[in-house]
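To keep things clear, I will list the structure first and then write my remarks on it.
Values in this text are rule-based calculations from the coordinates and carry no lab data. A quick note: this is a predicted structure, and the numbers were derived from the prediction, not measured. Neighbour counts run over all protein chains shown; Cβ positions are idealised from the backbone, glycine included.
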């Protein structure tokens with residue numbers, strides 16, 4: 001198996017190694033934060049805090065975890081992911097509009 005580092009300049013290989021190291025660091029940090037958010041969510045539910053506080057907080061924690069999943073683990077922050085990102089956000093917008101539409105039809 002041929003090593004690809006010989007065919008490119010050393011500074012480019014060092015730059016790529018640094019980028020991979022930084023990306024791995026970001027993934028580990030976001031994973032640790034997601035675990036912490038999960039423990040916080042379980043703790044709030046177990047402690048039986050008022051639902052007027054717990055429900056919005058759980059929704060915020062869930063949205064933050066989805067953002068971490070998309071941007072760090074699914075690499076949506078990287079170049080070349082514009083079309084998949086647009087399709088996912090478009091689908092989320094259509095889903096939200098559908099929920100809002102049916103909710104407003106039921107309530108009025």
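Overview of values
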{"item": "Total residues in region 92-108, condition closer than 17 Å to residue 63 by Cβ and either under 16 Å from the mean Cα position of the chain (by Cα) or not in a helix (DSSP H, G or I) (or both)", "result": "1"}
{"item": "Residue within region 38-53 that is within 23 Å of residue 88 (Cβ to Cβ) and surrounded by 14 or more Cβ atoms within 10 Å (Cβ to Cβ) present", "result": "no"}
